[in-house]
1. May I have the pair-distance distribution P(r) for the chain, computed from all Cα-Cα distances with 10 Å bins from 0 and rounded to whole percent?
2. Among the chymotrypsin sites (Phe, Trp or Tyr not before Pro) within segment 9-68, which fall in a DSSP loop and have no more than 14 other Cβ atoms within 10 Å of their own Cβ?
3. Around K39, what is the net charge, scoring Lys/Arg as +1 and Asp/Glu as -1 over all other residues with Cβ under 14 Å from its Cβ?
4. Say each of K32 and Y68 gets a label point 7 Å from the Cα, pointing the same way as Cα to Cβ; how far apart are those two points in nm?
5. Over the chain, with every protein chain in place, what whole percent of the accessible area is carbon and sulfur at 1.4 Å, could you tell me?
6. Where a Cα-Cα gap under 20 Å defines reach, which lysines qualify for K61, not counting those fewer than 8 residues away within the same chain?
7. If we count every other residue with Cβ under 10 angstrom of G62's Cβ, Lys/Arg +1 and Asp/Glu -1, where does the sum land?
8. Counting only helical runs of four or more DSSP H residues, what would the 222 nm mean residue ellipticity of the chain come to if each run contributes -39,500 (n - 2.57) and the total is spread over all its residues?
Amino acid sequence: VPIVRGSGGLALSSRNSLLTLQEQRIATNLYKSLILIHKHVSAGGRADTIIDQEKERLIKKGFYSIDYLTFRDSASLKEVNTQEALQGHEGRILAAATIGNVRLIDNLAI
């Protein structure tokens, strides 16, 4: 089932009702990070560099912690490198991060 998103890109979930309006605005940055990571590595950039930058940016934006930002195989969820992910491998960028008392998860197909 496709992910349904609000206007800011936040995946719609019952968990979102636990976020304050300010936390909801901050939470939209998680999906923005997935898009930025995808664009960066698609243009030939290093995944580890952009992932580290996005983790720092999310913390500065107000996330409490970043559990993971990683590339995985869509079927097995085994970790794949960016070259595998971008060369015909059905991969996803997965993310889990906490804002307030809510752990958000999101993903983006590669």
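The values are calculated or read from the model by the stated rules, or taken from the named source; none is laboratory data. Given the structure is predicted, the values throughout are model-derived calculations rather than measurements. Ideal geometry is used to build each Cβ from the backbone, glycine not excepted, and the neighbour counts take in all protein chains shown. Accessible surface areas use protein heavy atoms only, side chains included; no ligands, DNA or RNA. Shrake-Rupley method; radii C 1.70, N 1.55, O 1.52, S 1.80 Å.
1. Taking every Cα pair in the chain, the percentages come to 15, 47, 31, 7.
2. In loop regions of segment 9-68 (DSSP not H, G, I, E or B), the sparsely surrounded chymotrypsin sites (Phe, Trp or Tyr not before Pro) are Y64.
3. Values: positive: K32, R46; negative: E54.
Summing Lys/Arg as +1 and Asp/Glu as -1 gives +1.
4. 2.5
5. On the chain, the fraction of accessible area on carbon and sulfur atoms equals 52 percent.
6. Straight-distance partners of K61: K32.
7. Numbers: positive: R25, K60, K61; negative: E23.
Value of the local net charge: +2.
8. -12500 deg cm²/dmol
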